[in-house]
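The values are calculated or read from the model by the stated rules, or taken from the named source; none is laboratory data. Everything numeric here is computed off the predicted structure, so don't read it as measured data. Every residue, glycine as well, gets a Cβ built from its backbone with ideal geometry; the counts of neighbours run over all protein chains shown. Side chains are part of the model used for accessible areas, which takes the heavy atoms of the whole protein and leaves out ligands, DNA and RNA. Shrake-Rupley method; radii C 1.70, N 1.55, O 1.52, S 1.80 Å.
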Amino acid sequence: MATKKAEEKITETAQADLTAEAVDTDESSTKAVKATKATKPKVAAKKSTTKKKAAAKSAPAKKAATTKTTKKKTTKSKKSDEDIDVLKDGNLVIVESPAKAKTIMKYLGPGYDVIASMGHIRDLPKSKLGVDVDNNFEPHYIPIKGKEELVRTLKKKAKASKIVYLATDPDREGEAISWHLAHLLDLDLTASNRITFNEITKTGVRYGMEHPRTIDIDLVNAQQARRILDRIVGYKISPFLWRKIKRGLSAGRVQSVAVRLIVDREKEIRAFVTEEYWSIDAKLLGKESTKQIPAKLYGKDKKIEIKTGEEADAILQELKGVQYLVESVKKSVRKKSPAPPFTTSTMQQEASRKLGFQARRTMKAAQELYEGIDVKGMGAVGLITYMRTDSLRISEEAQQQAEEFITGKYGKDYLPQTRRQYKSKNNAQDAHEAVRPTMPSLTPEEAKESLTNDQYKLYKLIWERFIASQMATALLDTVAVDIRAGEYLFKASGYSVKFDGFTVLYEEGKDEETEEGGALPAMEVGDELKLKELLPNQHFTQPPARFTEASLIKTLEENGIGRPSTYAPTITTILVRNYVERDGKALKPTPLGEVTTQLMEEQFKDIVDVTFTANMEHDLDSVETGDADWVETLHKFYGDFAATLENAEKNMDGTRMKVPEEESDVDCELCGRRMVIKTGRFGKFLACPGFPECKNTKKIVQEAEGNCPKCGSKMLTKKSQKGRVFYGCSAYPNCDFITWDLPLKENCPDCGATLFKKSGKMGKIYCAKEDCDYERGLKD
């Protein structure tokens, strides 16, 4: 059994494999701040003498966040104090990223210095638990390694400044970073020096500067509780998994539930029993129309189920020679309302559906759009509001701007009779507005030349969604027709657009596309229709679909698991840890993921229980609203958790679970055994199961379409060190042909060699064989 020392002390080397506990910490390790060298920081601050406000949040009625700080020895910096530029008697504004600093500096002007903290400035140590569980979970924070020079710069600038403003992001994580900065720079925690920007525009920055407040200790404690809870789960369970399954595994409050959802779905798919069923479709013609009327067999007095081909044939026999008469025609107008503007999760889902973006890619582009882009003719400006939000609230100013754009572009008919008000979900924090463009008048096409491809695609999606959310309802003329055929009833339905409304600009994507009929020719009761064709169709029931990123995020949100900022890093972690792998857009569990989930369900059922995790999330939200004490919340969790961990150690003493090996179709040329697929540091590879007697390993070779244009050998799919796919000749090193372009099945009509597809703006289909000039456009 593991000793207490083994449980709470993890070596620095092992820490590389134990980062999962940070996944659930509102981006504590994922706020994508590029580590550009802070050689010329622009801001600093000193202790404010502002009187303590009488606000309830500032009163020491609850336990305040406590901290123990250890100063680490640092090597002598290359830059001396004299080399640090300071703005004496000026104001210092500290933000997280250089891009944000650059944009804000543009609006503040002289008298202000803006510097980036590059994300967190201190954190729990990597080499040990860093939390005193026996002393009310007191955290042990240390400065982050590698930021010594930045810290020194911040301190000197702060000392020389008149006021230090803490302008980190407007969420729990940003509040915690400001709190850490205040401690590190010895600022007055009761001073009104905390400012937030919902949008980084002239209006947004001015509003933030005019409304400083004190650091919200409830927000800090809520983040601190999450960080400590995730650290405890990660550092206590992960070593247990190492000993019982394999080294390098991890557990997390949200990631373990996400993996379980994917594993449970896979079990449903495997257990699914396919059943046969049939349908009968009729293609009919009206009196004065050559347009076909598609109709489906409904039944007799009630809907019938056709389970076999024999039953379908029997019905077809009964339908021979019958008349098809229109029995009823029901016309109505259906209203179709626009989707609300984006929250973080709906933005990630829609970007996955429509753009094929992974959640991490979406958040990277969104962060860049929020922090500021150099737009031609405008300079640096934030193009969207804060992108981590669960609120659907929209400011009146933004609605007014949207109305002006809609009226000018489409006319007043495209405005709703009254302004739309969208209601956020009950568990929404509603701290910010929805994700929207900061300047609705700036169209995607106008901004396109200033944006990268990803930025443009996402900005276009956000802009269209927001503008459409403020537009009029679409109206559809619908018709439902009942057609009598002997004893049987067929049904036909269709629609035509009466008024396109918001759909002129945008419609929300769907995970599963549904069939919708088009317009039907005019029909009246009593009309006899002519049968053109009667088609029996065989079908088989389908198992539930595997999760995609979009559907997994939707399920996590619906069940109250995690929060907006956690979805992207959670998915990244479970993929990197090899608990889950991609199959096209789908996510499926690996054998390792299934074995780990099995152990977690058997020994730590609460950690992977959806309801328990959702309730824990609710308790943590109560800390944020000031309705619960963070230390008591942790005590409530830890008592049962510690007992569960102790029981797990006893239950599995001397036991180790084996991960099933996936057998390949390749025989080991050294000993004849069938090789198995293993996963290592650089991905999957083939290994002989006879290890250690036979140590044969080899790369997994994936053949691509076509042949090498240089020597005629097979083409192989390969990956670069950065994970980018390229294609090379299987005869390497004798043949050195490689390309980024996709080889196709199609051969060149001129010389017969394999054709290649080049993607992008200059995309084309071309022949790569020397002395052959064949090429054509992608759409030709």
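About the Cα centre of the chain, what is the dipole size in debye to 20, counting +1 per Lys and Arg Cβ and -1 per Asp and Glu Cβ, all else neutral? Write down the numbers at each step before the final one.
Working: 129 positive and 117 negative charges, 680 e Å.
For this selection, approximately 3260 debye.
Largest first and in whole Å, give the semi-axes of the stretch 417-506's equivalent ellipsoid, each being the square root of 5 times a Cα gyration tensor eigenvalue.
Values: eigenvalues 306, 73, 37 Å².
Square roots of five times the eigenvalues give 39, 19, 14 Å.
With the convex hull drawn around the C-alpha atoms of the stretch 600-664, the volume per residue stands at 113 Å³. When only alpha carbons are used to place a centre, the stretch 604-620 and the stretch 132-208 end up 31 Å from one another. Sketch the reach of a paramagnetic label on Glu311 as a point 7 Å from Cα along Cα-to-Cβ, and name the residues of the stretch 269-295 whose backbone nitrogen lies under 19 Å away. Within reach of a label on Glu311: 273-282.
Just going by the charge dipole of the stretch 203-353, with Lys and Arg at +1 and Asp and Glu at -1 on Cβ, which of Gly299, Ile232, Ser289 is farthest out on the positive end? Value computed over the given set: Ile232. Qualifying chymotrypsin sites (Phe, Trp or Tyr not before Pro) in the stretch 224-306, where qualification requires a DSSP coil assignment and no more than 12 other C-beta atoms within 10 Å, comprise Phe272. Restricting the GluC sites (Glu not before Pro) of the stretch 299-402 to loop positions (DSSP other than H, G, I, E, B) with no more than 13 neighbouring Cβ atoms within 10 Å leaves Glu305.
Taking 0.36 nm per intervening residue step and subtracting the Cα-Cα distance, what contour gain separates Arg673 from Ser622 on full extension?
Computed gain between Arg673 and Ser622 is 12.6 nm.
The shape of the stretch 91-215 comes out prolate: with a ≥ b ≥ c from the C-alpha gyration tensor, a/c is at least 1.5 and a/b beats b/c. Estimated purely from DSSP H runs of n ≥ 4, each contributing -39500 (n - 2.57), the mean residue ellipticity at 222 nm for the chain is -9500 deg cm²/dmol once divided by its residues.
Within the P(r) computed for the stretch 638-780, what percentage of the Cα pairs occupies the region above 24 Å? Numbers along the way, then the final one.
On the way: 5582 of 10153 pairs.
Taking all Cα-Cα pairs of the stretch 638-780, the fraction more than 24 Å apart is 55 percent.
Remark: the stretch 91-215 carries a charge dipole of roughly 600 debye about the Cα centre, counting +1 on each Lys and Arg Cβ and -1 on each Asp and Glu Cβ. Available extension along the chain between Cys772 and Ala642 is 39.7 nm, counting 0.36 nm per residue and deducting the alpha carbon span. Inter-part distance, the stretch 356-433 to the stretch 92-117, computed on C-alpha centroids, equals 23 Å. Taking a ≥ b ≥ c as the square roots of the eigenvalues of the Cα gyration tensor, the stretch 529-576 is prolate, since a/c reaches 1.5 or more and a/b is larger than b/c. Excluding ligands, DNA and RNA, the accessible surface per residue across the chain is 51 Å² with a 1.4 Å probe.
Is the stretch 344-472 best put as rounded, prolate or oblate by its Cα gyration tensor, with a ≥ b ≥ c the root eigenvalues, rounded for a/c under 1.5, and otherwise prolate when a/b is larger than b/c, oblate when not? Oblate, since a/c reaches 1.5 and b/c is not below a/b. Apolar share of the accessible surface for the chain: 49 percent from carbon plus sulfur atoms, 1.4 Å probe.
Residue separation times 0.36 nm, minus the C-alpha to C-alpha distance between Gln538 and Asp281: what's the value? Don't skip to the end; give the middle numbers.
Working: separation 257, 0.36 × 257 = 92.52 nm, distance 1.12 nm.
The span from Gln538 to Asp281 would gain 91.4 nm if fully extended.
Label point of Glu705 set 7 angstrom out along Cα-Cβ; within the stretch 742-763, amide nitrogens under 12 Å from it belong to 742-748, 754-758.
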